[in-house]
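The values are calculated or read from the model by the stated rules, or taken from the named source; none is laboratory data. Everything numeric in this text was worked out from a predicted model, so none of it was measured. Here the Cβ is made from the backbone with ideal geometry for all residues, glycine too, and neighbour counts use every protein chain on show. With ligands, DNA and RNA removed, areas are computed over all heavy atoms of the protein, side chains included. Shrake-Rupley method; radii C 1.70, N 1.55, O 1.52, S 1.80 Å.
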Amino acid sequence: LSRLSESVSFSTITSSGEKSGSECNNFKIYNATWDASSDPSALFTWLDVAVVVSHLGSLLGYFSRFTACSTLFLNSILVPRMGVSLNTFRRLHYGLVQVPINLVISFFEIVGWVPPTVHQLSRLSTFLDLPLLFFPFMSKDFYFASDLIPPVDMDGDRYTFSCAVAAHNFMQQFFSKKKEKVSISKNVSERSNTQSLLLLGGREMKRSTSDFLWALSQPRGDYFIRFVGWVFRKILRGCTSQVTVDVASLSELALLRYPKSDKTQPYVILVPTHRSFFDFILVSFLCFSLPEVVDVAIPHIVAADDFSRLPLLGWAARAARAFFIRRGRGIADPALRKSVQRLKQTTGCDGTTCFEVFVEGTRSRDRRFIKAKTGFLRCLAESGGQHVVVPLTINYEKIPEQAVLSSHAERGIRSTVKSDGLFSWLTRVFFQKIDLGRIHIAASPPLRLDSSCEQNDVSTLAREIQLSHQDCVTV
């Protein structure tokens with residue numbers, strides 16, 4: 001942009017027709033702005049850039065989502081409505097930002113002890129004047145005059161996202177060349193050399209804010225979902241080293257979710273492997289924690305009716321969007337079809353209805369795959385509409401209830417769900433007596449399911465799902 005601004009003459013004009021500059025402390029912003037006659041798809045505002053930076057920054061762990069939302073609210077809603085002038089904003093910025101930070105730095109310099117946090121703060125002080133430079137762009141009375149026309153195929157949304165990713169890569173390379181031990185991106189797994197592997201939870205995931213504020217600032221979920229997310233994040237920290245998700249494996253889902261040729265969004269069916277009771281909440285936690293990665297609604301979980309009879313747990317499962325079915329009947333259930341059609345019609349503000357179903361029906365006791373059950377998939381096909389089926393493979397270093405499952409398998413008895421067993425296990429997690437190691441989640445390429453599928457097609461689809469699961473199993 002600096003080269004472009006040198007070759008093209010730009011001027012900034014206020015609503016009164018007077019030219020206005022954006023200068024402060026010998027810094028000047030050069031604006032390479034599109035002309036108003038440009039194609040709308042190429043246009044983007046400072047707010048568009050701020051939203052992209054806020055989403056990507058909180059996703060990668062540069063700052064918390066609560067900080068991002070608070071800053072956006074302050075800069076995009078509160079300050080513009082207050083009608084603050086540049087001089088007033090300069091005085092506020094000086095008294096509330098510059099003076100406190102300079103006092104803290106001066107105090108520790110006088111004492112002769114500068115902790116790492118204060119050292120980073122002193123480096124940040126160089127950029128404290130940046131809000132003053134960008135403040136004029138936040139005014140509704142600020143307009144641009146430009147002769148620059150964007151290319152025909154320019155995509156403003158893609159461009160802003162690419163700029164944010166480029167900034168992240170620059171920061172990573174800059175700090176790696178300086179051989180600094182500080183990890184500026186807290187949510188990218190250190191085990192991965194790319195941005196594809198993101199941390200979802202565990203002890204190795206650094207917290208940029210409290211779990212309570214994190215749960216409240218998530219964009220999706222009712223109060224109970226947020227409460228469950230808050231509790232489950234603490235559980236993961238207590239019993240796992242890290243929980244990771246392969247972001248690149250979920251990229252194809254976004255393309256199928258928003259088809260260019262058809263405005264109708266398909267229903268999303270998440271089909272994870274089933275090795276533990278952890279699977280029920282782990283997939284919902286993924287959708288709740290990383291909405292930028294898994295752009296689907298919090299799923300409705302298909303669970304066996306055994307859960308509905310458990311005290312407290314049955315109620316909690318319903319509140320967490322679970323609904324119960326009777327397995328092993330061998331015939332179609334009209335009540336199930338009505339429930340599915342009802343859920344499809346109750347699309348909330350967070351997008352098209354999403355389902356979570358385990359095709360194996362029950363947990364595997366020795367990590368081998370069990371013959372798939374096709375009843376619910378057939379019910380989905382008969383209920384109408386287009387469906388995108390996403391196989392998810394959940395890899396456990398150590399399965400939470402492995403000892404119990406192995407014991408039951410040796411004695412040839414069926415494992416049942418008990419509330420007292422769960423509470424006993426949670427007590428051991430609280431006292432840090434459980435260590436499951438790593439958990440890794442990966443998705444396979446999405447599959448299609450529509451109303452024209454016959455019985456043989458659904459059976460073939462179930463086999464393809466399990467083959468996809470096997471391809472993503474890691475040891």
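Just a few scattered comments:
- Between Leu72 and Leu312, the modelled labels are 3.7 nm apart [label points 7 Å from Cα along Cα→Cβ].
- Solvent-accessible area per residue in the range 208-285 equals 41 Å², computed with a 1.4 angstrom probe and all protein chains kept.
- With the highest mean first, a sort of the peptides 74-85, 228-239, 161-172 on other beta-carbon atoms found within 10 angstrom per residue produces 228-239, 161-172, 74-85.
- Using the average count of surrounding beta-carbon atoms within 10 Å as a protection proxy, the listed peptides 60-69, 40-49 rank, highest first, as 60-69, 40-49.
- Packing-based ranking of 111-119, 299-307, 218-226, 424-432 yields 299-307, 218-226, 424-432, 111-119, ordered from highest to lowest mean Cβ neighbour count within 10 Å.
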